[in-house]
Amino acid sequence: TQGVSSAASDVYKRQDLRSGDAPRVVQLEDGSTVVLDARTALAVAFDGDQRQLRLLRGQAWFRVAHEARPFRVEAGGGLVRDIGTAFSVSLQDAVVTAQVSEGVVDVHPGDGSLQRLHAGQARAFRDGRWLQPVSSLASDAVAPWRRGEVAIDDLSAAQAIDCLLYTSDAADDT
């Protein structure tokens, strides 16, 4: 965690959130809720003008409290900006995936482009470049790990095995 001077601490608050081997639900100071998947790290920095979060590893789902300050999640060199919604951001092997379960988000992969996603849409990027067109998914398919589920439908066999091993390791450690 980066330090701030004591004079600035009441204006700028930073908090690092981490989960252990199981998902963790956290209520943020603005009333937003974040669900961290197992082995996830998130830096949170709120001040009078903005709500800035940085996904350091793993994946998180956000239900954002509506207020004037923008709510932004940085990951993998890109940015996901809330426009009144519930959404997830995943950072796995340098690939950032944004999925929207309610409302709308703007996704900036870092190359100057913008993609607006609506409920039931997802898009991924890596190194500032889009990996594929916008995909559709059921709203309840966003961040299934929140409910203890694992989705492997669109994964290669190797990716599915890695995902299942990761989930199994987390379950064994609890």
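The values are calculated or read from the model by the stated rules, or taken from the named source; none is laboratory data. None of these values were measured; they are calculated from a predicted model. Every residue, glycine as well, gets a Cβ built from its backbone with ideal geometry; the counts of neighbours run over all protein chains shown. Each accessible area value is taken on the protein alone, full model and side chains, heavy atoms only, with ligands, DNA and RNA left out. Shrake-Rupley method; radii C 1.70, N 1.55, O 1.52, S 1.80 Å.
Give the residues of the range 37-56 that are small (G, A, S) and assigned to a loop (DSSP other than H, G, I, E, B), sorted by residue number. Listed by number, the residues that qualify are A38, G48. Filtered by the rule that a residue be open to solvent by 40 Å² or more (accessible area, probe 1.4 Å) and among the aromatic types (F, W, Y), the range 123-133 gives a lone residue, W130.
Each row is one residue, and each column tells you yes or no for (1) of a type in the set (S, T, N, Q); (2) surrounded by 19 or more Cβ atoms within 10 Å (Cβ to Cβ); (3) at pLDDT 95 or above.
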residue: R18; (1), (2), (3): no, no, no
residue: A38; (1), (2), (3): no, yes, no
residue: D47; (1), (2), (3): no, no, no
residue: S88; (1), (2), (3): yes, yes, no
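Figure legend. Inter-residue proximity from the range 59-76: first residues open to solvent by 10 Å² or more (accessible area, probe 1.4 Å), second residues assigned to a loop (DSSP other than H, G, I, E, B) and among the β-branched types (V, I, T), beta-carbon distance below 9 Å, spacing 6+ or different chains. Indicated pairs: Q59/T40; W61/V142. For the structure I just gave you, tell me whether G84 is without any contact (Cβ under 8 Å) to a residue 60 or more places away in the chain, exposed (fewer than 15 other Cβ atoms within 10 Å of the Cβ), under 19 Å from V26 (Cα atoms) and of a type outside the set (V, I, T). So G84 passes the test. Would a scan of the range 150-170 turn up a residue that is within 23 Å of A94 (Cβ to Cβ), open to solvent by less than 50 Å² (accessible area, probe 1.4 Å) and modelled with pLDDT of 55 or more? Scanning the range 150-170, I find no residue that is within 23 Å of A94 (Cβ to Cβ), open to solvent by less than 50 Å² (accessible area, probe 1.4 Å) and modelled with pLDDT of 55 or more, so the answer is no.
Picking from residues in the range 90-122 that are charged (D, E, K, R) and open to solvent by 10 Å² or more (accessible area, probe 1.4 Å), the one that is nearest to G58 (Cα to Cα) is D93. Can you tell me which residues in the range 131-150 are more than 15 Å from the chain's Cα centre (by Cα) and within 24 Å of P70 (Cα to Cα)? Result: V134, S139. Return the residues of the range 49-58 that are open to solvent by 60 Å² or more (accessible area, probe 1.4 Å) and either of a type in the set (A, V, I, L, M, F, W, C) or touching a Gly at 6+ places or on another chain (Cβ under 6 Å) (or both); say none if nothing qualifies. Scanning the range 49-58 gives a single hit, L56.
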